[in-house]
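Some notes on the structure that comes next.
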Amino acid sequence: MAAASPSPPATGRHALPVADFPDVRRYAAQVARRRGRDLGLTVVLFALAAIAGLFGPRLFGALIDDVQRGSTAGHVDVIVALIALFLVLQTVLTRYAQLAAGRFGEGVLAELRENFVGRVLELPLSVVERAGSGDLLSRSSRDVDALSKAARFGVPTTLVAIITTVLTVLALALVSPWAMVPLLVIVPPIWVVLRWYLKRAPAGYLAEGARYADLTDGLTETVDGARTIEALGLQRRRLERTDEDIRRQYAAERYTLYLRCVFWPTAESCYIVPVALTLLLGGLGYVHGWFSLGQVTAATLYMQQIMGPIDEMLAWADELQVGGASLARLLGVAGVPADRQASGARPDGEDLEAADVRYSYVPGREVLHGVALSVRAGERLAMVGPSGAGKSTLGRLLAGIHGPTAGSVAVGGVPLVELPLGDLRGQVALVNQEHHVFAGTIRENLVLPRPDATDAHIRDALSAVDALAWVEALPQGLQTPVGAEGHTLSPAQAQQLALARLVLADPHTLVLDEATSLIDPRAARHLERSLAAVLEGRTVIAIAHRLHTAHDADRVAVVENGMIAELGSHEELVATGGAYAGLWESWHGRGSATSDR
Ligand code: ATP
């Protein structure tokens with residue numbers, strides 16, 4: 001069977017890690033221990049409900065025997081009343097058991113979701129960038145959905161099914177040990193097909209998840225970069241990539257479908273056998289006087305009753321595989337090594353020092369090759385250089401967004417990667433073109449780094465970035481809802497909010513990467529001036545695309561091919577007649593009011 005069967009597709013291209021199955025089991029055991037009370041209550045209530053359900057067939061069997069022996073109508077009424085009573089009891093107990101199971105499942109799910117969000121927020125940015133946001137998106141949507149189904153319904157239903165099956169087998173044995181024989185007949189085929197299935201299903205479902213992540217990744221990239229794709233005429237290539245992803249996703253789905261197509265028909269055919277055998281053997285036994293009619297009836301009813309939970313167990317064995325694979329993908333996020341480790345050291349001073357900094361986004365492809373740079377407190381440093389030289393990368397390293405692959409970036413003698421994130425943002429912050437507007441009011445957007453900021457602080461910060469006038473002109477002022485469902489902000493307004501947020505965060509060093517490039521050039525100059533007034537006395541490292549920024553700076557660093565090629569004041573560099581002098585010459589020649597881009 002295995003030789004002719006399709007093999008599981010390989011896992012994702014560059015996915016985030018996936019936890020291994022012993023880790024998943026350990027995690028599940030920890031959760032069960034932590035929520036022992038809810039779990040215990042669920043098990044006890046379901047066991048009681050199952051026991052109540054076992055009285056019916058036994059009483060019905062007794063009723064048949066009694067009637068055969070010529071029982072009175074009163075006795076029959078008592079037995080029928082008892083059957084009804086146990087039915088009601090079973091219903092009531094099941095209701096409370098479902099409630100306890102729901103509480104258990106929802107609790108587990110909530111805990112898992114919170115852990116997952118916490119872990120995602122701590123993920124090193126470089127890892128997310130490398131893996132692609134599609135992987136993370138599919139884990140937080142598709143995998144959380146699959147797991148939610150398993151945790152809410154799968155775990156409780158499987159528990160009920162196991163308890164009910166065990167108790168029903170015991171009840172069968174009590175009717176007659178021989179009554180268990182028809183059940184034993186189906187154990188070997190079910191066991192074989194289940195083992196066959198479980199050996200293949202985890203890898204199959206993991207591959208399915210990875211393929212889905214690739215597909216989401218590709219589609220997200222295509223939508224995000226739609227304009228670039230159109231401009232460069234890459235539509236065909238993107239379509240081919242999407243087709244290839246769909247083909248691989250289809251192959252992965254087909255593989256798991258194949259597993260189900262072998263597993264389910266075998267299991268389903270096994271359900272009919274025990275009932276038929278019980279009737280056959282029971283009839284034979286009754287004719288020969290080995291069993292009473294009541295025993296045969298009770299055994300047949302039990303046999304029919306047990307097929308429900310067995311079917312549930314097998315069905316959920318399938319769904320639990322999907323849930324297990326999703327759990328492995330969610331827990332895998334915790335397996336990403338941290339890129340920072342708080343050492344507890346406090347910076348002594350505000351000087352920023354980069355020593356022999358090297359950085360590779362992709363192993364083996366270094367983009368910064370040993371950068372050394374000292375920025376003293378209060379200095380204004382401009383970084384200029386050709387596109388792709390490594391300015392943004394260096395800026396991100398100086399702001400502590402990425403840790404260097406080798407070398408160190410330290411503030412006041414403490415490497416940035418040894419500062420807790422909260423402390424780091426109070427020291428140095430990066431502001432670039434990516435300005436996310438969070439759903440909420442303008443005020444809520446601004447106080448994110450400083451929840452205790454007063455309206456006066458907020459107004460000062462808005463005024464510093466020239467945004468106070470338009471914010472106050474809005475009908476609800478600071479309380480105006482913005483973001484997905486609120487008032488739409490222009491990109492320049494969003495950028496101003498980000499700058500105001502930065503003023504409120506109050507770090508002593510700022511790295512500006514094209515921070516003002518979306519704003520009209522005349523407004524940009526204006527904004528830079530008012531920002532400069534607020535930033536007086538702070539260290540500013542500005543990645544400059546307009547050379548007037550470099551002209552106004554204390555020093556200019558020219559970045560070329562991942563290294564600092566020139567470093568000095570504007571005058572010094574112009575006098576040297578090197579690369580910067582050439583840039584200045586060509587820009588100045590075009591007039592200082594226009595952009596160099
Ligand atoms: P620009 O002025 O165009 O923004 P830059 O000087 O800021 O360019 P960087 O953006 O730092 O240069 O890029 C330096 C090198 O690193 C380039 O070769 C670029 O392709 C590469 N690079 C940048 N970001 C990534 C990334 N996320 N993954 C892989 N390579 C990257």
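Laboratory data are not the source of any read-out in this text; all were calculated from the coordinates shown. Just so you know, these numbers come straight off a predicted model, no measurement behind them. Here the Cβ positions follow ideal geometry from the backbone for every residue, glycine too, while neighbour counts run over all protein chains shown.
Give the Kirkwood hydrodynamic radius (Å, one decimal) of the stretch 68-166, defined as one over the mean of 1/r across all pairs of different Cα atoms. The Cα-based Kirkwood calculation yields 17.6 Å.
Convex hull volume of the Cα atoms of the stretch 146-261, normalised per residue: 99 Å³.
Neighbour counts of C-beta atoms inside 10 Å place 242, 441, 278 in the sequence 242, 441, 278, starting with the fewest. Sequentially through the stretch 114-122, phi angles give Karplus couplings (6.51, -1.76, 1.60; θ = phi - 60°) of 4, 4, 5, 4, x, 5, 5, 5, 8 Hz, Gly and Pro residues having no value and appearing as x.
The equivalent ellipsoid that matches the C-alpha gyration tensor of the chain spans semi-axes of 70, 27, 20 angstrom, in descending order. For the stretch 21-335, the convex hull drawn through the C-alpha positions has a volume of 146 cubic angstrom per residue. Legend: Rg and Dmax of the stretch 1-150, from Cα coordinates, 25.4, 83 Å. Residues 563, 303, arranged from fewest to most other Cβ atoms within 10 angstrom of their Cβ, appear as 563, 303.
Show log10 I(q)/I(0) for the stretch 436-507 at q = 0.21, 0.25 Å⁻¹, two decimals, from a solvent-free Debye sum over equal Cα scatterers. Cα-only, vacuum Debye calculation for the stretch 436-507: -0.81, -1.20.
Each of 152, 501, 376 has some number of other Cβ atoms within 10 Å of its Cβ, and from fewest to most they run 376, 152, 501. Helix 521-534 and the long axis of the chain differ in direction by around 90°, with both axes built from C-alpha atoms. With contributions of -39500 (n - 2.57) from each DSSP H run of at least four residues, the per-residue ellipticity at 222 nm computed over the chain stands at -21000 deg cm²/dmol. Peptide packing: for 358-365, 386-393, the average count of neighbouring Cβ atoms within 10 Å per residue gives the ranking 386-393, 358-365, highest mean first.
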